[in-house]
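Structure first, then comments.
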C-alpha cells in the first residue's frame, strides 16, 4: 500500500479512534483525523520495520488503530497541562 492508501486508512482510523477513546475530547474533527493519520503512519511503518506484520495484512489496520488511540491519549495529557 502506498502513502495515499495509508493516509486514507489513517482518516478512517482517526474517526474510529475518536469513538473508541473514552472521555470528552475538546479537539475538533480535523485534529482527530490528523492524529489518526499520524498514528496510522507511525504504526504501519513502525510495525513493518519491526517485522510484526507485513504490508497488506489486517494486523496493520489494528496496529494503526492502536497507534491512533495512543496518540489521542498522549495529546489529551499534553493539552490538559
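Only the coordinates and a few stated rules stand behind these numbers; no lab work does. Remember, predicted model here, so these are calculated numbers, not experimental data. Because the Cβ atoms are built from the backbone with ideal geometry, glycine has one as well, and the counts that use them run over all protein chains shown.
Helix 29-50 axis versus longest C-alpha principal axis of the chain: approximately 30°, rounded to the nearest ten. Could you tell me the calculated FRET efficiency between residue 29 and residue 54, based on Cβ-Cβ distance and R0 = 25 angstrom, to the nearest 0.05? Computed FRET efficiency for residue 29 and residue 54 comes out at 0.20. Against the chain, whose longest principal axis is taken from its Cα atoms, helix 3-20 shows a tilt of about 40°. Computed from label points 7 Å out along Cα-Cβ, the spacing between residue 80 and residue 45 is 3.1 nm.
Helix 58-80 and the longest principal axis of the C-alpha atoms of the chain enclose an angle of approximately 30°.
Rg/Rh for the range 39-81 (Cα atoms only, Rh after Kirkwood) is 1.10.
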